[in-house]
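K.L.:
Pasting a structure here, questions to come.
The values are calculated or read from the model by the stated rules, or taken from the named source; none is laboratory data. Worth saying up front: this structure is predicted, and the values here are computed from it rather than measured. In this analysis, Cβ positions are derived from the backbone assuming ideal geometry, glycine residues included, and neighbour counts consider all displayed protein chains.
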Amino acid sequence: MCPVLELTDVSKSYAKSDFVLDKVSFAVPAGTIMGLVGENGAGKTTVIGCILNTLFRDGGTVRLFGSELSDGDRELRENIGVVYDGDNFPDHLSAGQLADIMRGVYRQWDDAAFQGYLDSFSITREQKIKSYSKGMTMKLAIAAALAHHPRLLILDEATSGLDPIVRDEMLDVFLGFVEDESHSILLSSHITSDLERIADHITFLHRGKVVLTASKDDLIYRYAVLRCKERQFEAIDPKDIIAYRKKEYQIDVLVPNGKEARQKYKDVVADQTTIDEIMLLLVKGKTK
């Protein structure tokens, strides 16, 4: 089965900026959640813009469900639900008015499903969006994205700024969505605890480049960080080093296989790691 979403060497530059999206490649298999992480300015939103054709690509290809998306391709767009961090809809509308608009946009719009999400999220059809809390605004956007039965959800920092209770509720919704193995999610987020809970794979962006893509389980349970003294660090084979960072009293070294590293470097402490620490080493650290 082909990936639901596949990027190959996607590139984008801006005339008045030094930022370059540099040959970004990754794929999102069906039935999975891909986390897209990186520091502010790493290129996450630019990647999403290139996927959705809201930004002109300088090079590379994006394939959705095996096909390239054109501006007039309504069928492919029907199968994509998008939620941005921030204002997804005009705030003078109510949920009921939004449904009326969406019914004319999406042939697959399901008003009963939309109402079901509103009931589940305790949102009334009459209340104006401008009176919503941040959590209610995001719930409405997710309800609208799901109500036209997409196969792919693209979420750009959709859990940012939400309180822990609302975030937990939204993560449950996302997990429920991918229980259908034809569904997938691309979730851009800087909240790594969310990704540790629900992601299947994680792609790390840094300064417009993909620096690492791996399964979440490998990252958490197979990768490790060696805590080294200078002498110990010099003895490590450069092929074993993904990234390293020198601190005041030790050198932290990210390796792809903690079990092998423990056997190979018996005098070095090898700790299990977290997505947060991996991202820090990839962003702040160096490669040999």
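K.L.:
Take region 87-129 and flag every residue that is among the aliphatic types (A, V, I, L, M), in contact with a helix residue (DSSP H, G or I) (Cβ under 8 Å, 6 or more places away or on another chain) and not in a loop (DSSP other than H, G, I, E, B).
P.N.:
Selection gives Ala95, Leu98, Ala99, Met102, Ala113, Leu118, Ile129.
K.L.:
Run down Gln127, Gln108 and say which single residue is touching an Asp or Glu at 6+ places or on another chain (Cβ under 6 Å), assigned by TED's automatic domain parsing to the domain that holds Arg63, on the phi < 0 side of the Ramachandran plot and surrounded by fewer than 17 Cβ atoms within 10 Å (Cβ to Cβ).
P.N.:
Gln108
K.L.:
Quick one: Gly258 ticks every box in (1) without any contact (Cβ under 8 Å) to a residue 60 or more places away in the chain; (2) surrounded by fewer than 17 Cβ atoms within 10 Å (Cβ to Cβ); (3) in contact with a strand residue (DSSP E or B) (Cβ under 9 Å, 6 or more places away or on another chain) bar one, so which box is it?
P.N.:
Unmet for Gly258, out of (1) without any contact (Cβ under 8 Å) to a residue 60 or more places away in the chain; (2) surrounded by fewer than 17 Cβ atoms within 10 Å (Cβ to Cβ); (3) in contact with a strand residue (DSSP E or B) (Cβ under 9 Å, 6 or more places away or on another chain): (2).
For (1) assigned by TED's automatic domain parsing to the domain that holds Asp194; (2) out of contact with any helix residue (DSSP H, G or I) (no Cβ under 9 Å at 6 or more places or on another chain); (3) among the acidic types (Asp, Glu); (4) at pLDDT 95 or above, each residue gets a yes or a no:
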{"residue": "Glu248", "(1), (2), (3), (4)": "no, yes, yes, no"}
{"residue": "Val253", "(1), (2), (3), (4)": "no, no, no, yes"}
{"residue": "Pro256", "(1), (2), (3), (4)": "no, no, no, yes"}
{"residue": "Lys266", "(1), (2), (3), (4)": "no, yes, no, no"}
{"residue": "Ala270", "(1), (2), (3), (4)": "no, no, no, no"}
{"residue": "Thr273", "(1), (2), (3), (4)": "no, no, no, no"}
{"residue": "Asp276", "(1), (2), (3), (4)": "no, no, yes, no"}
{"residue": "Leu280", "(1), (2), (3), (4)": "no, yes, no, no"}
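K.L.:
Condition check: crowded, with 21+ Cβ neighbours inside 10 Å, over 26 Å from Gly161 (Cα atoms) and charged (D, E, K, R). Does Asp252 satisfy that?
P.N.:
Considered against the rule, which asks whether it is crowded, with 21+ Cβ neighbours inside 10 Å, over 26 Å from Gly161 (Cα atoms) and charged (D, E, K, R), Asp252 comes out as yes.
K.L.:
Has region 165-184 got at least one residue that is within 17 Å of Leu76 (Cα to Cα), in contact with a strand residue (DSSP E or B) (Cβ under 8 Å, 6 or more places away or on another chain) and assigned by TED's automatic domain parsing to the domain that holds Ala199?
P.N.:
yes
K.L.:
I'm told Pro164 meets every condition in (1) surrounded by 19 or more Cβ atoms within 10 Å (Cβ to Cβ); (2) under 22 Å from Leu36 (Cβ atoms); (3) more than 17 Å from the chain's Cα centre (by Cα) except one. Can you identify the failing condition by its number?
P.N.:
With respect to (1) surrounded by 19 or more Cβ atoms within 10 Å (Cβ to Cβ); (2) under 22 Å from Leu36 (Cβ atoms); (3) more than 17 Å from the chain's Cα centre (by Cα), Pro164 is out only on (1).
Residue-wise test of (1) in contact with a Cys (Cβ under 8 Å, 6 or more places away or on another chain); (2) of a type in the set (A, V, I, L, M); (3) surrounded by fewer than 17 Cβ atoms within 10 Å (Cβ to Cβ).
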{"site": "Phe174", "(1), (2), (3)": "no, no, no"}
{"site": "Ser188", "(1), (2), (3)": "no, no, no"}
{"site": "Arg197", "(1), (2), (3)": "no, no, yes"}
{"site": "Asp200", "(1), (2), (3)": "no, no, no"}
{"site": "Lys209", "(1), (2), (3)": "no, no, yes"}
{"site": "Leu212", "(1), (2), (3)": "no, yes, no"}
{"site": "Leu219", "(1), (2), (3)": "no, yes, no"}
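K.L.:
Filter the strands (runs of 3 or more DSSP E) completely within region 170-288 down to those with at least 3 residues that are closer than 25 Å to Leu7 by Cα.
P.N.:
Qualifying strands (runs of 3 or more DSSP E): 184-188, 201-206, 209-215.
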